[in-house]
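Participant: I have a structure I would like to understand better, so I am pasting it below and will then ask my questions one at a time.
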Amino acid sequence: WSASLDYVIAQRAADGRFLSREPKGVALNLDQNQYRALMTDGLNFTNTVEPLAGAVQIRVVLLDRTSGKIGSVIVPLKP
């Protein structure tokens, strides 16, 4: 099983401007045991993001290039 994932971690200011955008990609090539584990446990990514001055939210967008499915999450930051 193989897949190609693209994701972006972006920080936005109160006026809607992007303060930063970090595009990244991940290629997966799984054997049967790894695929079963992924289907049972899910796929976890860990990334530390230091909020920039003026950032009010962090947005993460993920694209599964194989299926075309896309998802996102918005994390509000406290002032």
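Participant: Can you tell me the relative contact order of the chain? Whole percent, Cα pairs under 8 Å, sequence separation 6 or more. Spell out each step's value before the answer.
Facilitator: Numbers: 130 pairs, mean separation 29.7, N = 79.
It comes to 38 percent, rounded to a whole number.
Participant: What part of the accessible area of the chain, given as a whole %, is carbon or sulfur when the probe is 1.4 angstrom?
Facilitator: Looking at the chain in its full context, I get 54 percent from C and S.
Participant: May I ask which residue of SER67, PRO79, ALA10 lies farthest towards the positive end of the charge dipole of the chain, with charges of +1 (Lys, Arg) and -1 (Asp, Glu) on Cβ and the Cα centre as origin?
Facilitator: PRO79
Participant: Could you size up the charge dipole of the range 12-79 around its Cα centre, putting +1 on the beta carbon of Lys and Arg and -1 on that of Asp and Glu, and report it in debye to the nearest 20?
Facilitator: On the way: 9 positive and 6 negative charges, 47 e Å.
So the magnitude is around 220 debye.
Participant: Using the alpha-carbon atoms, what tilt in degrees (0 to 90, nearest 10) does helix 32-41 show relative to the longest principal axis of the chain?
Facilitator: 40
Participant: Grab every C-alpha pair in the chain, bin the distances at 10 angstrom width from 0 up to the longest one, and report whole percents.
Facilitator: Per 10 Å bin, starting at 0, the Cα pair percentages come out as 16, 42, 27, 13, 2.
Participant: Per DSSP H run of n ≥ 4, the term is -39500 (n - 2.57); total these for the chain, divide by its residue number, and report the mean residue ellipticity at 222 nm rounded to 500 deg cm²/dmol. Kindly include the intermediate steps, with their values, before the conclusion.
Facilitator: Details: 1 runs with 10 residues, N = 79.
Only helices count here, giving -3500 deg cm²/dmol.
The values are calculated or read from the model by the stated rules, or taken from the named source; none is laboratory data. Remember, predicted model here, so these are calculated numbers, not experimental data. Cβ atoms come from the backbone with ideal geometry, glycine included; neighbour counts cover every protein chain shown. Remember, those area values only see protein heavy atoms, side chains included, never the ligands or the DNA or RNA. Shrake-Rupley method; radii C 1.70, N 1.55, O 1.52, S 1.80 Å.
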